[in-house]
Amino acid sequence: MAIDRFGRSINYLRISLTDHCNLRCVYCMPEDQTFRPNAELMQDDEVLLLTYLFASLGFHKIRLTGGEPTVRAHIVDLVRGIAHTPGIRSVSMTTNGVLLGRLAQPLADAGLQRVNISIDTLNPEKFKRLTRWGKLEDVWNGIEAAETAGLSPVKLNAVIVRGYNENDVVDLARLTLDRPWQIRFIEMMPFAGVTEVQMGGVVTASEIQERIEDSLGDLQAIHEGQLDGEARMFKLPRAQGEVGFISSVSAPFCSACNRARLTADGRLRLCLLREKEVDLLTPLRAGATLDDLRQIILDGVWEKPWGHGLAEGVIPLNRVMNEIGG
Ligand code: SAM
Ligand code: SF4
């Protein structure tokens, strides 16, 4: 079992399958972002070997992310391999949904259990402005295909950026009245490289909640106010679905963090918002034994930072979000 020096049991791995993306969201990357050459990224057999090693150390929950995981070649076969790794109980994916229209069913058939789909507004023009390249219609098709394929409950993620979509939170929350979906509002986090969008752009969870309650009524806390993953969950009166808030900036959930990340270039990253990483791909390619690699992982996990330093103004400078895997 992998534990850190604060006694947290770390059993949830987020794997970034690529840093590439078919969108250019303003809060995630600059429009002229350059990407790593394929040879620097984990190849399919390397992803599967590392998954096997993490699973043998008690990691049983995997989330695939990126960049955009669905743009990776052979994504369906890769998901099948990960889902069939002994010890892996749950495989989910965070995606922008653009390609889910055709991929949702094959991914579900391959063993994917759930998806979180990013959708920051229901307004096509604003969607285009936020994602620079995206068409809202593609994402809607993706959401419907995910539901049809049984990738449920459908969870939607919305990053709220002042000046872009803070007025859209009510329409997004309203979706939960008639649908059994979860919409989770995410406070924008700062990364070097996209700071001009982020200066003054953070809209706190409490402001979002206030806007929703002013229009749609009181949000009732569910799960006795406990965190569901990283989100605090609520329900609107008579709603089928749920509204959640991920307040990484204003109310961090670090003490309950059970996750580690594997970057697309094979680094173990222990905290999304700390620069510390442990290289796994170089020793793997240099012929390290499985036991050596397990020890490197365990040593890395042991050193997991207690939490992020946003409150002290410490922001990660070495990578932007798409490289780490959100
Ligand atoms: N491309 C996929 C997507 O957009 O869902 C997966 C990768 S993306 C980096 C993962 C999540 O991170 C998305 O929900 C995205 O909205 C969120 N994200 C990206 N940049 C962010 C930022 N600066 N602050 C908070 N969330 C961010
Ligand atoms: Fe791509 Fe996701 Fe980043 Fe948007 S948030 S640019 S979809 S990786």
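Whether any residue in region 18-41 is open to solvent by 10 Å² or more (accessible area, probe 1.4 Å) and farther than 30 Å from L130 by Cα is what I want to check. Checked against the condition, which is being open to solvent by 10 Å² or more (accessible area, probe 1.4 Å) and farther than 30 Å from L130 by Cα, region 18-41 yields at least one hit.
Of the strands (runs of 3 or more DSSP E) lying entirely inside region 199-305, the ones with 2 or more residues being closer than 29 Å to H60 by Cα and β-branched (V, I, T) are found at 242-246.
Comparison of A83, A146, A158 shows that the only residue that is open to solvent by less than 10 Å² (accessible area, probe 1.4 Å) and more than 16 Å from the chain's Cα centre (by Cα) is A146. Pairs meeting the criteria (first residue in region 172-190 and more than 27 Å from E275 (Cβ to Cβ), second residue open to solvent by 20 Å² or more (accessible area, probe 1.4 Å) and within 16 Å of ligand 2 (Cβ to nearest atom), beta carbons under 9 Å, at least 6 apart or on different chains) are W181/K155; Q182/K155; I183/K155.
Of the numbered criteria (1) assigned to a loop (DSSP other than H, G, I, E, B); (2) away from ligand 1 (no atom under 16 Å from the Cβ); (3) within 18 Å of R269 (Cβ to Cβ), the one L50 fails is (1). Test R36 against the stated conditions and say whether it is more than 16 Å from ligand 2 (Cβ to nearest atom), part of a loop (DSSP other than H, G, I, E, B), among the basic types (K, R) and more than 17 Å from the chain's Cα centre (by Cα). Against the criterion (more than 16 Å from ligand 2 (Cβ to nearest atom), part of a loop (DSSP other than H, G, I, E, B), among the basic types (K, R) and more than 17 Å from the chain's Cα centre (by Cα)), R36 does not qualify.
Within region 1-17, if we keep just the residues that are more than 16 Å from ligand 1 (Cβ to nearest atom) and open to solvent by 10 Å² or more (accessible area, probe 1.4 Å), the residue that is modelled with the highest pLDDT turns out to be N11. Put simply, of D32, D4, D44, D19 the only residue that is free of Cβ contacts under 8 Å to residues at least 12 places away in the same chain and of a type in the set (D, E) is D32.
The values are calculated or read from the model by the stated rules, or taken from the named source; none is laboratory data. Values in this document were obtained by computation on a predicted structure and should not be read as measured data. Glycine also receives a Cβ, built like all others from the backbone with ideal geometry; neighbour counts cover every protein chain displayed. We work out accessible area using only protein heavy atoms, side chains counted, and drop any ligands, DNA or RNA first. Shrake-Rupley method; radii C 1.70, N 1.55, O 1.52, S 1.80 Å.
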